[in-house]
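Scroll down for the structure; my scribbles are underneath it.
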């Protein structure tokens, strides 16, 4: 008998009919003899509706009260799901984050889990019940106030509970059939991926894949907890995310997949004095504005001028704030101009096998070049190569890479790969 | 500096605009120097909407989960109210029933408060904050599960917190200006009542007045806590409910007001054997069906027949259940027939002064008779006389009593009286 933690997102429980379908899936798992803990998000648009209500009352809701408000969302979905399971003849009990023992920091809206004390869940399981837990929420260790975990919070709740309960697997249910070698909407012959490592998944998530959040994958890796990403609308096995590729084909795949990202913009700082401390002043200003930078590229100094250009990418929405911060330090840092460009895209090739195959980069750039795509920035890690190009070249670049590394094709061999959609 | 507990019902916080108005009223009280604890119900139709969602998922929701679901309603209203107060520059913190220390039995849907441990509220007040508490809910002492208090629960929450915090007054905000000598929709010259005793208020509530629930008035009486019933839409003082009439006019009013009730039906059991144990069998059957009976009347045995008729009143909605239960014992109890009549009404005259004025009953029946209203049942207490009549005679009866006891009129004298609407 295994212990399974299942997580269902908001679209999987958007209305009464979907809640009943999810209940049937949960009961199927329970019938097979497994202990089941379910983590659930708020129904469909509930969180948006509650946020809208708050904005009707005040332009700047205090964090403590906004968390109190938003946590009503999962309270509704979890109670309804428990009822739907009861209606199928199985015992189910719903628990808030606080009741489930999800102890967090007191940073409202972006709290971090610091401890999990799932005593009540354990008791419920011991008594044969299915435990339903509100995702995305916890209780602050010091203030005892209700907190929310921020983006990807329900995935993190599921992984944290699974780790604390020593679950055999944590299943993340979503609206796609798992991880693909590329976004099937861009690459029609993209293939589903059977298995992938944590580090590849982390690179995929950081490269634009939206299926799992970095935070939950990190948590799973630290706990060495197997994750399975699968659809709540099909019976397909989905993609297993684990620490090693043991148990699969002996041959380590070279490349796992191609990811893409249209959510970033590029800022170029023109004619920065080529002297120590110049870059420091610039990035201090951006950091003070609490902006997360992705790639940074600095050209070598144009001969004789004593100046260089620095480019970096950042989330599009942070563009105005970053530009304002940079313009404020323009005179002091001594650069000439700042340019904002939100018509860029990023294509990334990810594969753990890349480490021991030096030819990958050459093939990568040959493919991009042959496709007629101009590269604006390059960034690499041990298991990833990313390029920034024009946004309207992005689909071409993704298809060229997918073809060049033969990720689609007709082969029957399992390809360890994946990308978000 | 006083400590005031204010309770706002669902219609007072039905949308963002009303929540902002209530916030202003609360801030006004805080500005005057008082410590303020606010108990709030769910917004407008939220509870009905959540109940409807539950019915889409299962015909018989388990009580534990239904309570978990419904308590999301106050969570939303209290967080929004705290935000609205923040927006006016005052510190406010919302607390669930559990956080506020409302400890209950574990009877889901109709839990009883068994203890109140308002440590967190006290701390919030000590730090200068306004405490907002979810009405209608608590946490079970034994199971630690979330419970709801059932009908009138938010009033009871307010009174219980006020008693535990030794508040100076508990203000119940509603959509009418307090207690009237009769329902102004029936009696146009009905007058607002300034002050009334707990026992009169209890008789009024039991006689059909809907403003305060029996339960919260009982609780206030036990704690000797002054209640003030007033409108959230006006600045009028409303009605003070206390243990004694001290501080008001020296003259104890004879009569407090006229209440009416259209919510009951009458059941008549025909030709019951006039022998010991007959009534017992009948009322055992009704009690086993968990039906609350109001008035009971048994005629003297019709001479020579050895049989008598028994009539009683009960909530209309319980009629079918009661009829089924009675028909099941018909043969065994030996009566001839059961008749159901839901076209009855009840008019009640209430007044603490009645005790020492034996002429009240004579005047009462003279007034009813002169109005041409036929009396079907009579019931009295020390401070109340009630009659059941045809429902279409009820308004006439109420007006006749109100006039006979001069409760309206043009006098300036304060009339201690009241009735529901």
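Any idea what angle helix A:278-288 forms with the longest principal axis of chain A, computed on alpha-carbon atoms, 0 to 90 degrees, nearest 10? Once rounded, one gets 30 degrees. Of A:108, A:343, the sequence from fewest to most neighbouring Cβ atoms within 10 angstrom is A:343, A:108. Once C-alpha pairs closer than 8 Å and six or more residues apart are averaged by separation and normalised to the residue number of the stretch A:285-348, the relative contact order reads 30 percent.
Take each residue of peptide B:93-102, count the partner chain Cβ atoms within 10 Å of its Cβ, and average: the result is 3.
Calculated [222 nm] ellipticity per residue, helices only, for chain A: -10000 deg cm²/dmol; basis is -39500 (n - 2.57) per DSSP H run with n ≥ 4, divided by all residues, nearest 500. Ordering of B:214-224, B:69-79 by packing is B:69-79, B:214-224, highest average first (other Cβ atoms within 10 Å, averaged per residue). Look at the stretch A:6-19: the mean tally of other chain Cβ atoms within 10 Å of its residues' Cβ atoms is 1. Comment: the Cα-to-Cβ extended label point of residue A:283, at 7 Å, lies 8.6 nm from its counterparts in the other copies, nearest first. Counted by neighbouring Cβ atoms within 10 Å, the residues B:7, B:31 run from fewest to most as B:31, B:7.
For the rotation carrying A onto B, the chain A residue whose Cβ lies nearest the axis, with the distance in whole Å, reads A:72, 2. Applying 1/(1 + (r/R0)^6) with R0 = 41 Å to the Cβ-Cβ distance of residue B:263 and residue A:48 gives a FRET efficiency near 0.50. Figure legend: label point modelled 7 angstrom from the Cα of residue B:332 along Cα→Cβ; residues of the stretch B:277-295 with amide N under 14 Å from it are B:278-289. Label-to-label distance for residue A:127 and residue A:293 is 5.5 nm, based on points extended 7 Å past Cα in the beta-carbon direction. Mind running the shape call on the protein assembly as shown? Use the C-alpha gyration tensor, a ≥ b ≥ c as the square roots of the eigenvalues: rounded below 1.5 for a/c, prolate if a/b tops b/c, oblate otherwise. Prolate is the answer for the protein assembly as shown, as a/c is 1.5 or above and a/b outweighs b/c. Dividing the mean sequence gap of close Cα pairs (under 8 Å, 6+ apart) by how many residues the stretch A:3-174 holds gives a relative contact order of 30 percent. Over chain A, Cα pairs under 8 Å with separation of 6+ residues give a relative contact order of 15 percent. If you sort the three axes of the alpha carbon gyration tensor as a ≥ b ≥ c, you get a/c of 1.5 or more for chain B and a/b no higher than b/c, which makes it oblate. Which of the three applies to the stretch B:3-174, rounded, prolate or oblate, going by the alpha-carbon gyration tensor with a ≥ b ≥ c and a/c under 1.5 meaning rounded? Oblate shape, in that a/c is at least 1.5 and b/c is the bigger or equal ratio. Here the Gaussian network model covers chain B, with springs between Cα atoms less than 10 Å apart; of B:388, B:57, B:176, B:57 fluctuates the most. Sorted from closest to farthest, the other copies place their residue B:142 label points 3.9 nm away, with each point set 7 Å from Cα along Cα→Cβ. Each part gets one Cα centre, and for the stretch B:333-391 versus the stretch A:342-407 those centres are 91 Å apart.
Using a simple spin-label model with pseudo-atoms 7 Å out from Cα toward Cβ, residue A:218 and residue B:223 lie 4.7 nm apart.
Placing a label point 7 Å from the Cα of residue B:123 along the Cα-to-Cβ direction, the distances to the matching points in the other copies come to 2.3 nm, shortest first. For the listed peptides A:187-194, B:274-281, A:257-264, A:109-116, a ranking on the average number of other beta carbons within 10 Å per residue, highest first, reads A:257-264, A:187-194, A:109-116, B:274-281. Fewest-first ordering of B:229, A:133 by other beta carbons within 10 Å of each residue's beta carbon gives B:229, A:133. Averaged over the residues of peptide B:137-146, the number of Cβ atoms from other protein chains lying within 10 Å of each residue's Cβ is 2. Principal-axis analysis of the Cα atoms of chain A puts helix A:360-370 at an angle of about 70° to the longest axis.
Between the Cα long axis of helix B:72-86 and the first principal axis of chain B there is an angle of about 40°, rounded to the nearest 10.
Comparing Cα centroids, the stretch A:108-150 and the stretch B:260-279 end up 54 angstrom apart.
The numbers here are math on the coordinates, done by the rules we state, and not lab data. Predicted model, so just to flag it, every value in this text is computed and none were measured. Neighbour counts run over all protein chains shown; Cβ positions are idealised from the backbone, glycine included.
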